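J.: Here's a structure for you.
The values are calculated or read from the model by the stated rules, or taken from the named source; none is laboratory data. Since the structure is predicted, the reported quantities are computational estimates derived from the model, not experimental observations. Methodologically, a virtual Cβ is constructed for each residue, glycine included, from the backbone with ideal geometry; neighbour enumeration extends over all protein chains shown.
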Amino acid sequence: MAEAAASADIFGGRKKKRHWPPELNALVGLIGICIIFEVLGWFLRDQSFLGNTVRLKIMILQVSIIGIIAIGVTQVIVLGGIDLSSGSVVGATAMIAMSFAQVGTYDRAVFAELGWVDLPVIVPILVGLLCGIVAGLINGVLIAYTKIPPFIATLGMMVSARGVASWWTKGQPVSFPTDSFAALGQGMMPVFLFLAIALLFHLVLKYTIYGKHTYAIGSNEEAARMSGINVERHKVLVYAIAGMLAGFAALVLAARGLTAQSGMGIMYELDAIAMAVIGGVSLSGGRGSIVGTTIGMLIFGVIISGFTFLRLDAYYQDMIKGAIIVAAVVADQYRQRRRAMES
């Protein structure tokens, strides 16, 4: 016994227990949920849930646009913040950007010398990204320099951006985009765009100074400041990137639906936060990854698709979805307490 205890001690301390990474837990959960829906499908509907490739394709398309938002939200949560404004930013950005992408909006004589009938597709794209960046910058500046809690600052932006979405065209939808703009959302393009963005920010968070500073601030803001990190500037940068990704998601959403409406993006911010938390991102900051968020996105999509497959009424879906989100947060709190006790 004494030898076993001695071997467990390293430099005066005991070996720390090794834990599965949250991403692996999320992956196991994804596999388990898929198996449950497959079994229920055969018993209740005499059909295969996973065997229908059309259903799986629709599922991935449904969650990929919110997944783009979730990539930005993940970085905000890892930083130790929260963003409740992304859904409203989607609505405002979609309305503004689509007004620059309409067919026949502009007088041909104005652009006759350039040979333009409509504005080039780069114009609405840049407008959309700029709208998202501006919203993110406002959030970041308020949080970093006025010390307003992120919940309050982004809640204010959520209300304001929704007002902008309604004000831009007095509540009227904006439709008939150019073919080049519509191509952003057609076919499997939203999925390819999500994968490209997810890979990019996975590498950025894991291998760059930006990622190291984000994790450091989320883990211990004062220690990060003492180590020389410009905490305020980095917070503004992270929120600006999150806003930009919300703006880009708005472009893809408007292009896919071939229209923009002021009500677009309602509850998207909560779905994006849920994807991140289900994927193992800690709401206390400092822990989480894009890989985990991607798995959380798939879990979210499988749950929604599975409920529809089983013909479960929408209100039951919302109740169960809310219970899953709460369970994920409770599990995160339990992991934190256990780590604190073992450290």
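J.: State all residues of region 180-193 that are closer than 9 Å to Ala255 by Cα and either surrounded by fewer than 19 Cβ atoms within 10 Å (Cβ to Cβ) or among the small types (Gly, Ala, Ser) (or both); if no residue qualifies, say none.
T.: Ala182, Ala183, Gly185, Gln186
J.: Name the residue, out of Ile58, Ile96, Ile36, that is more than 24 Å from Lys206 (Cβ to Cβ), within 19 Å of the chain's Cα centre (by Cα) and of a type in the set (Val, Ile, Thr). Give the derivation first.
T.: On the way: Ile96 fails: within 19 Å of the chain's Cα centre (by Cα); Ile36 fails: within 19 Å of the chain's Cα centre (by Cα).
After applying the criteria, what remains is Ile58.
J.: Among the residues of region 281-290, is there at least one that is closer than 26 Å to Leu50 by Cα and either at pLDDT 90 or above or hydrophobic (A, V, I, L, M, F, W, C) (or both)?
T.: Yes: one or more hits.
J.: Does region 219-238 contain any residue that is of a type in the set (Ser, Thr, Tyr) and farther than 30 Å from Val121 by Cβ? Step through it out loud before you land on a result.
T.: Restricting attention to region 219-238, the residues satisfying the condition of being of a type in the set (Ser, Thr, Tyr) are 219, 227.
From what is left, the residues that are farther than 30 Å from Val121 by Cβ are 219, 227.
Scanning region 219-238 turns up at least one residue that is of a type in the set (Ser, Thr, Tyr) and farther than 30 Å from Val121 by Cβ.
J.: Right, another one. Counting just the residues of region 320-343 that are more than 21 Å from the chain's Cα centre (by Cα) and either over 16 Å from Arg287 (Cβ atoms) or among the acidic types (Asp, Glu) (or both), which one comes out modelled with the lowest pLDDT?
T.: This residue is Glu342.
J.: Is there any pair linking a residue in region 256-269 that is within 15 Å of Ala246 (Cα to Cα) to one that is assigned to a loop (DSSP other than H, G, I, E, B) and among the acidic types (Asp, Glu), with Cβ under 7 Å and at least six apart or on different chains, and which?
T.: Glu269/Asp83
J.: Of the residues Met319, Met267, which single one is surrounded by fewer than 15 Cβ atoms within 10 Å (Cβ to Cβ) and touching a Gly at 6+ places or on another chain (Cβ under 7 Å)? First the steps, then the outcome.
T.: Working: Met319 fails: touching a Gly at 6+ places or on another chain (Cβ under 7 Å).
The conditions single out Met267.
J.: Here's another thing I want to ask about it. So, in region 302-336, of the ones that are of a type in the set (D, E, K, R) and assigned to a helix (DSSP H, G or I), which residue ends up farthest from Gly67 (Cα to Cα)?
T.: Out of the qualifying residues, it is Arg335.
J.: A further question on this structure: Quick check on region 165-179: of everything there that is in a loop (DSSP other than H, G, I, E, B) and without any contact (Cβ under 8 Å) to a residue 12 or more places away in the chain, which residue is surrounded by the most Cβ atoms within 10 Å (Cβ to Cβ)? It would help to see each step written out before you state the result.
T.: Of all residues in region 165-179, those in a loop (DSSP other than H, G, I, E, B) come to 169-173, 176, 178.
Keeping just the survivors that are without any contact (Cβ under 8 Å) to a residue 12 or more places away in the chain gives 170, 172.
On the way: Lys170: 7, Gln172: 11.
Per the stated criteria, the residue is Gln172.
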